[in-house]
Structures are given as structure tokens and as C-alpha cells.
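Remarks on the structure that follows.
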Amino acid sequence: MPCLDISTNVNLEGINTDSIFSELTKAVSQIIGKPEKFVMILLKGSVTLTFGGNKEPAALAEIVSMGGINTEVKRRLIATLGSILENKLYIPRTRFVLKVFDTTMGRQNSKL
């Protein structure tokens, strides 16, 4: 069950977030290879956040998944999610940070 948690200093009031949720869900599902019905997205706006010492639009995201993560998947997630945030919320890709965590990494014979 992938969970993508995004915090941004962009005010989301008045923004149609439905299309953002839809695009993010589809992207995570396709890239990680998990069904959309198991993808969870959290989007928090107006968060006190600075990047590079200023308050220009920026975002910090964390994705947690039970499997499906490797180097290529990380690259695709960063590029795709960064593009969605840039197109929908005008957050430059250079001001987007993604932390990736696979709960099964380092575990052998996981029963999850």
C-alpha cells in the first residue's frame, strides 16, 4: 500500500485538488506497480516551509511502500511527481524533495 504524503507552502484554497489527487494516484500506481485502490495520497498546503532560505513555492514529499521500490522507480517518481506539482501548483521541480522508503528493504522472507 503506497502512501504519498506531500507538504507544501502553497495555499491550496480555491485550487481544484481533485485533479491533483487523481494524477498523483495514477502516477504512483503505474510507477510502483500497485493497484490504484491501494494508493493513499495526503496533500497539505499552507505549511510553514522554507527551501534555500526563502519561502518561494516548494514541497517536501515522502512515499512509503511495501515493495516495488528500486533506483529506476525512484527516478521516475521524482520526475513524474515533480512535473505534476510544477504543472498543477507551480512548484519548480528544483524546489521539490522526495524521500522514498520501502518497508521491505533489508528484510528477507517478509510475510507482508
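The values are calculated or read from the model by the stated rules, or taken from the named source; none is laboratory data. The structure displayed is predicted, hence computed values, not measured ones. Neighbour counts are summed over all protein chains in view; Cβ atoms, including those assigned to glycine, are modelled from backbone coordinates with ideal geometry. Accessible surface is based on the protein model in full, side chains and every heavy atom, while ligands, DNA and RNA are left aside. Shrake-Rupley method; radii C 1.70, N 1.55, O 1.52, S 1.80 Å.
Quick check on Ile20: is it closer than 13 Å to Ser65 by Cβ and in contact (Cβ under 8 Å) with a residue 40 or more places away in the chain?
no
Consider Gly14 against the criteria (1) of a type in the set (Gly, Ala, Ser); (2) open to solvent by 80 Å² or more (accessible area, probe 1.4 Å); (3) in contact with a strand residue (DSSP E or B) (Cβ under 6 Å, 6 or more places away or on another chain): it satisfies all of them except one. Which criterion is unmet?
(3)
How many of the residues in region 84-105 are charged (D, E, K, R) and in a strand (DSSP E or B)?
So the count comes out to 2.
Evaluate the following for Val100: is it within 27 Å of Glu13 (Cα to Cα), touching a Ser or Thr at 6+ places or on another chain (Cβ under 9 Å) and not aromatic (Phe, Trp, Tyr)?
Against the criterion (within 27 Å of Glu13 (Cα to Cα), touching a Ser or Thr at 6+ places or on another chain (Cβ under 9 Å) and not aromatic (Phe, Trp, Tyr)), Val100 does not qualify.
All but one of (1) open to solvent by 80 Å² or more (accessible area, probe 1.4 Å); (2) more than 17 Å from Pro2 (Cα to Cα); (3) modelled with pLDDT of 95 or more hold for Asn109; state the number of the condition that does not hold.
Against the list (1) open to solvent by 80 Å² or more (accessible area, probe 1.4 Å); (2) more than 17 Å from Pro2 (Cα to Cα); (3) modelled with pLDDT of 95 or more, Asn109 comes up short only on (3).
In this structure, is Lys74 in a helix (DSSP H, G or I), in contact with a strand residue (DSSP E or B) (Cβ under 7 Å, 6 or more places away or on another chain) and surrounded by fewer than 18 Cβ atoms within 10 Å (Cβ to Cβ)?
Taking the combined requirement at face value, the residue satisfies it.
Each row is one residue, and each column tells you yes or no for (1) farther than 21 Å from Asp102 by Cβ; (2) of a type outside the set (D, E, K, R); (3) open to solvent by 80 Å² or more (accessible area, probe 1.4 Å); (4) more than 16 Å from the chain's Cα centre (by Cα).
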| site | (1), (2), (3), (4) |
| --- | --- |
| Asp18 | yes, no, yes, no |
| Glu23 | yes, no, no, no |
| Lys34 | no, no, no, no |
| Ser46 | yes, yes, no, yes |
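Going through Ile91, Ile63 one at a time, which residue ends up being under 15 Å from Asn9 (Cβ atoms), open to solvent by less than 80 Å² (accessible area, probe 1.4 Å) and of a type in the set (Val, Ile, Thr)?
Residue meeting the stated conditions: Ile91.
Return the total of residues in region 17-36 being in a loop (DSSP other than H, G, I, E, B) and in contact with a strand residue (DSSP E or B) (Cβ under 9 Å, 6 or more places away or on another chain).
Of the residues in that region, 2 qualify.
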